[in-house]
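Asks: Below is the structure I would like to discuss, written out as structure tokens.
Computed from the coordinates by the stated procedures, all read-outs in this text should not be read as laboratory data. The shown structure was predicted, so the numbers you read here are calculated from the model rather than taken from an experiment. Neighbour counts are summed over all protein chains in view; Cβ atoms, including those assigned to glycine, are modelled from backbone coordinates with ideal geometry.
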Amino acid sequence: MCLGIPGQVVEMHPTHEHLARVDVSGVGRMINIGLLEDENVVPGDWVLIHVGFAMSKIDEEEARLALASLQMMGEAFTDEVEALMTSPTTMTTGPTTRGDGERWEF
Amino acid sequence: MKFVDEYRDPVAARSVVARIVDLAGDDHFKFMEVCGGHTHTIYRHGIEHVLPEGVELVHGPGCPVCVIPMGRVDDAIAIAETPGVIFTSFGDMMRVPGSKGNLLGAKARGADVRFVYSPLDALRIAVDNPDRNVVFFAVGFETTAPSTAITLLHAREQRVTNFHVFSNHVTIVPPIKAILESPDLRLDGFLGPGHVSTVVGNRPYRFVPEKYGKPLVTAGFEPLDILQAIVMLLLQIRQGRCEVENQYTRVVRDEGNPRALQILAEVFELRPHFEWRGLGFISQSALRLRPEFADFDAELRYAVPGVRVADPKACQCGEVLKGVIKPWECKVFGTACTPETPIGTCMVSSEGACAAYYNFGRVHREVAVTLGRSR
């Protein structure tokens, strides 16, 4: 839970300014970038992802470093990446529909 | 991967270690790394074995899983066992023992306990299950708390009424202060935490040099980052300086993340006091939901026991968390207490000092050789 996983922003969500599609180890995932609202995140930027949120903007070198460090952690890292990859929130492509039919959006 | 190699380069490490040996001379220094991520790097790379004997690293309370007291785990289990509740938690918290077992045990007994990656997953479960009440077990320092805060803002915006947060978020500065005031520990400086500082910045640490006369250097997570931060601490001491410095400028800015701090302040307020495992009650050291978010506060909604439970007698997590003893000096380390069947929290999380030492301590001598020096 304490790990920050690096990812590269691929595209911004067309209608939700606080969402972005991010490439994490070759897989596209939807990440909340609301905490970086003032930092002008654009496609190509690298971010550190923590529990589904982009926590900070980093440069490419730092992303490589962070990834190399994480890979050395073994199970703790693979568990965290698996959790990220299978999280319903990051797998969403956008708005979802609420159980009672009302439109509900992240 | 040139850059990575640079940070793992044995030749570079050797020259930094030589600098440390030179600066330390015959004196003895005790530095505390506050952050669990640093503890992990230190053991993973055998850093303690490349340092001269006069430079000792003490592992602090910076693992949010490790500092949750048993009473709060009991409270979590009580909520989880309330009929109709779906209890959601980060995976790390599932095996943390309370006085009568852990959340996995509650799940085995029939409670609906689910592991989530993000607080947003918990909110989604609430939306998908309008007939059930969903509680999120929120833990973490200022690194994680903004994510819970944003999730609560979403929940309010979307008028989700079946989502509640059991907040155990803690703040980084008060435990540092508590350690500085602890009579059984003499420290010469701190390695400041990495990720949490991306949120809070470096300014909140100024009291460390100003009030307590100890230097603090915010450090990155690579072995060379740690070694360089130790050089910076020793240089301050040798040059008669005492200040907050930033070794991790690649990521941490002095002002932190103002947006995240603003969202935190909007949703959370400081509790008058909160119990920390091993450190006892520390005033204004944890976050609870502001009255405006009372409808989302699990503590107001559920009857939690709220009873303080003393740690098991055999467990010395408290001394480990304060850096008074090393993990392997604990009586139950590696025997009664292992990562598979932890007694104390330090053995549960991979960033806990005991688990880190248990996993890597036995191999770190060989790793240390690749870093250039072994003693």
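Asks: For every other residue with a beta carbon closer than 12 angstrom to the beta carbon of B:PRO97, add +1 if it is Lys or Arg and -1 if Asp or Glu, then tell me the sum.
Replies: +2
Asks: Would you please name the trypsin sites (Lys or Arg not before Pro) within segment B:275-329 that are DSSP coil residues with at most 13 other C-beta atoms within 10 Å of their C-beta?
Replies: Qualifying residues, ordered by number: B:ARG308, B:LYS313.
Asks: Starting from the amide H of B:ARG277, placed 1.01 Å from N in the peptide plane, find each other amide H under 5 Å away whose residue is 5 or more places distant or on another chain.
Replies: Under 5 Å from the amide H of B:ARG277: B:ILE68.
Asks: Could you line up B:VAL67, A:VAL9, B:VAL170 from fewest to most neighbouring Cβ atoms inside 10 Å?
Replies: By the 10 Å Cβ count, ascending: A:VAL9, B:VAL170, B:VAL67.
Asks: What ranking do B:LEU216, B:LEU103, A:LEU70 get, fewest neighbouring Cβ atoms within 10 angstrom at the top?
Replies: Fewest-to-most Cβ neighbours within 10 Å comes out as A:LEU70, B:LEU103, B:LEU216.
Asks: Continuing with this model, one more query. Return the sequence-ordered ³J(HN,Hα) values of segment A:74-91 in whole Hz as given by the Karplus equation 6.51 cos²θ - 1.76 cosθ + 1.60 applied to θ = phi - 60°, using x for Gly and Pro.
Replies: Coupling constants for segment A:74-91: x, 4, 4, 6, 5, 4, 5, 5, 4, 4, 5, 5, 9, 5, x, 5, 6, 8 Hz.
Asks: Which of the lysines could a cross-linker bridge to B:LYS100, judged by Cα under 30 Å and excluding same-chain residues fewer than eight apart?
Replies: B:LYS313, B:LYS322, B:LYS326, B:LYS331
Asks: How much of the DSSP beta bridge set in the protein assembly as shown is antiparallel, as a percent to the nearest 5?
Replies: 45
Asks: I need the phi-derived Karplus couplings for segment B:83-90: 6.51 cos²θ - 1.76 cosθ + 1.60, θ = phi - 60°, integer Hz, Gly and Pro marked x.
Replies: x, x, 8, 9, 9, 10, 8, 5
Asks: Now for a different question. Give me, ordered by chain and number, the residues 5 or more places off A:VAL51 or on other chains with an amide H under 5 Å from its own placed amide H.
Replies: So A:VAL51 has HN proximity to no qualifying residue.
Asks: Quick query: amide H of B:HIS169 versus all other amide H atoms, modeled in the peptide plane; which residues come in under 5 Å with a sequence gap of 5 or more or a different chain?
Replies: Distant-sequence amide H within range of B:HIS169: B:LEU287.
Asks: A follow-up question, please. What list of ³J(HN,Hα) values in whole Hz, one per residue of segment B:345-360 in order, does the Karplus curve 6.51 cos²θ - 1.76 cosθ + 1.60 (θ = phi - 60°) give from phi, with Gly and Pro shown as x?
Replies: Listing the rounded values in order: 5, 5, 8, 7, 7, 5, 9, x, 4, 5, 5, 4, 5, 4, 6, 10 Hz.
Asks: Could you line up B:MET32, A:MET30 from fewest to most neighbouring Cβ atoms inside 10 Å?
Replies: The most exposed by this proxy come first: A:MET30, B:MET32.
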